[in-house]
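The values are calculated or read from the model by the stated rules, or taken from the named source; none is laboratory data. Remember, it's a predicted structure, so these values are computed and weren't measured experimentally. FYI the Cβ positions are ideal-geometry reconstructions off the backbone, even for glycines, and counts take in every protein chain you see.
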Amino acid sequence: MEKKNIEWSKLGFGYMPVDYRFVAHWKDGSWDEGGLTKDATVTISESAGVLQYAQTCFEGLKVYTQKNGDIVAFRPDLNAKRMQDSADRLLMPKVSEEMFLRALDEMVKANAAWVPPYGSGATLYIRPFLFGSGPVIGVAPAPEYEFRMFATPVGPYFKGGVKPIKLLLSAYDRAAPHGTGDIKAGLNYAMSLYPGDYAHKHGFSENMYLDAATRTYVEETGGANFIFITKDGKLVTPKSSTILPSITRRSILVVAAEMLGMEVEERKVPFTEVKDFAEIGLCGTAAVISPVGSITYDGGEILVPSGMDSMGPVLTKLRETITGIQEGTIEGPAGWIHKIC
Ligand code: PLP
Ligand code: COI
């Protein structure tokens with residue numbers, strides 16, 4: 001199979017429609033079989049639940065070409081489970097893990113020419129999403145739903161790849177206590193656009209959010225969790241019921257503890273402690289592990305000791321290990337790699 005003629009190494013994180021996507025419909029209490037389509041557009045009621053009351057959630061995962069040529073996904077079962085948790089909280093019908101993985105396998109195989117080659121620095125980003133497509137006018141769950149999954153080849157999420165980024169401590173909150181911060185609801189991202197735009201206009205790549213209740217503890221950014229490295233080499237990551245349970249973060253904790261012999265702590269992290277860490281990183285599917293160089297807050301700036309030029313040594317080792325597992329050059333824990341073809 002011939003690959004598309006794309007300058008893979010020059011890709012940023014953008015949308016490029018590929019040949020096929022998967023679509024399934026839910027009506028009268030059940031899902032249809034679903035299948036592939038070439039149509040990249042969606043036609044729904046003007047009064048659809050997604051359009052009126054933001055009844056939608058999504059996922060994000062990546063597909064890699066491994067060194068031996070296998071095309072694989074990284075822990076897609078966890079994306080399927082998390083989408084079920086999001087669906088429950090938004091009163092949407094769950095997509096079974098079976099349908100989720102079938103959609104992934106069929107869609108990626110059909111788009112194999114779009115999967116970036118091994119070593120190109122690019123990956124195929126997969127965007128599953130679920131939304132209320134049937135009409136509502138009173139505030140209520142929609143009577144019909146659509147599940148879709150498309151793919152788009154991507155490069156690094158932050159411009160410059162692994163160059164340290166500047167963060168702003170946001171004056172806005174991301175998620176309320178007992179709200180929807182722990183699910184991947186579209187509404188969490190809609191409300192982050194304004195603070196995100198404010199941060200970009202002031203020269204920052206992203207916002208750091210604190211807990212909304214006390215504004216004391218570090219939560220996450222708009223699209224990634226935090227990992228901190230202490231001066232004595234320990235990995236610390238915020239524990240909170242209002243952040244997204246990142247699959248990358250959960251995997252990094254296992255890699256750090258079980259493969260690299262590091263001490264790991266998942267606990268509340270007061271903002272006052274941030275100045276004491278040796279290295280700070282963002283982790284997520286899109287972010288992979290991206291280093292943070294500075295954090296600006298009302299009244300000052302924290303300069304991370306690892307500096308603005310390159311990623312620190314501990315984060316570099318973690319990144320090399322996790323990407324090595326994804327690309328098949330390092331053997332990871334059993335069951336993490338889902339072979340598609
Ligand atoms: N936090 C938020 C708000 C996100 O949008 C994401 C991206 O999915 C993450 C964290 C990282 O999660 P994961 O590692 O599962 O991609
Ligand atoms: C991902 O990492 O997959 C996400 O969904 C984050 C998003 C901000 C691009």
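Numbers for the structure displayed
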| read-out | value |
| --- | --- |
| For residue 293: the one exception among (1) touching a helix residue (DSSP H, G or I) at 6+ places or on another chain (Cβ under 6 Å); (2) surrounded by 20 or more Cβ atoms within 10 Å (Cβ to Cβ); (3) part of a strand (DSSP E or B) | (1) |
| Residue check, residue 328 modelled with pLDDT of 95 or more and either under 18 Å from residue 225 (Cα atoms) or among the polar types (S, T, N, Q) (or both) | no |
| Qualifying positions in the stretch 1-28 - closer than 21 Å to residue 100 by Cβ and not in a loop (DSSP other than H, G, I, E, B) | 21, 22, 23, 24, 25, 26, 27 |
| Members of the stretch 220-242 that are under 12 Å from the mean Cα position of the chain (by Cα) and surrounded by fewer than 24 Cβ atoms within 10 Å (Cβ to Cβ) | 222, 223 |
| Residue among 148, 127 that alone is modelled with pLDDT of 95 or more, crowded, with 18+ Cβ neighbours inside 10 Å, within 19 Å of residue 62 (Cα to Cα) and within 16 Å of ligand 2 (Cβ to nearest atom) | 148 |
| Tally, over the stretch 174-188, of residues that are in contact with a helix residue (DSSP H, G or I) (Cβ under 9 Å, 6 or more places away or on another chain) and either under 28 Å from residue 275 (Cα atoms) or surrounded by fewer than 14 Cβ atoms within 10 Å (Cβ to Cβ) (or both) | 4 |
| Residue list for the stretch 97-116, filter: more than 21 Å from residue 57 (Cβ to Cβ) and of a type in the set (Gly, Ala, Ser) | 110, 112, 113 |
| Members of the stretch 39-81 found to be part of a helix (DSSP H, G or I) and among the hydrophobic types (A, V, I, L, M, F, W, C), listed by number | 50, 51, 78, 80 |
| Of all residues making up the stretch 81-97, the number that are within 12 Å of ligand 1 (Cβ to nearest atom) and buried (at least 19 other Cβ atoms within 10 Å of the Cβ) | 3 |
| One residue from 115, 139 being closer than 27 Å to residue 282 by Cβ, touching a helix residue (DSSP H, G or I) at 6+ places or on another chain (Cβ under 8 Å) and β-branched (Val, Ile, Thr) | 115 |
| Listing of helices (runs of 4 or more DSSP H) fully contained in the stretch 167-264 that carry 3 or more residues being away from ligand 2 (no atom under 14 Å from the Cβ) and modelled with pLDDT of 95 or more | 193-201 |
